[in-house]
Amino acid sequence: MSDQDLRTQPALSDRELQVIELVTAGMTNEQIAEKLEISKRTVDNHISNILTKTETQNRVALVRWALQWGKVCIDDVNCCTLPPFEEE
């Protein structure tokens, strides 16, 4: 069993989970900010907090983490129980 298997999942807020979903969709921080109607600086802060909580070093590692822990669905593969992001 790897160290990753022994760890518990970090507590992520609903907003952080939304940001992860948009990162895995390939969006830039600027695009995420526009989509969520928040500032880019706020997105930058969310990304930084997410990387720290998930112990990942970059966006690619974050996407791998999200897939491993079932936090995102990509093309109906590895589908998870998160509700889809709804635009207002």
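The test for being at pLDDT 95 or above, of a type in the set (V, I, T) and in contact with a helix residue (DSSP H, G or I) (Cβ under 7 Å, 6 or more places away or on another chain) does not hold for I38. For region 13-31, the candidate set comprises residues that are hydroxyl-bearing (S, T, Y) and more than 14 Å from N49 (Cα to Cα); within that set, the residue that is modelled with the lowest pLDDT is T24. So, in region 43-82, of the ones that are surrounded by fewer than 16 Cβ atoms within 10 Å (Cβ to Cβ) and β-branched (V, I, T), which residue ends up modelled with the lowest pLDDT? Among those that are surrounded by fewer than 16 Cβ atoms within 10 Å (Cβ to Cβ) and β-branched (V, I, T), it is T81.
Kindly provide the set of residues from region 33-53 that are among the aliphatic types (A, V, I, L, M) and more than 13 Å from Q18 (Cα to Cα), ordered by number.
L51, the sole residue that qualifies.
The values are calculated or read from the model by the stated rules, or taken from the named source; none is laboratory data. From a predicted model like this one, the values you see are computed outputs, not experimental measurements. Virtual Cβ from ideal backbone geometry, glycine too; neighbours counted across all protein chains shown.
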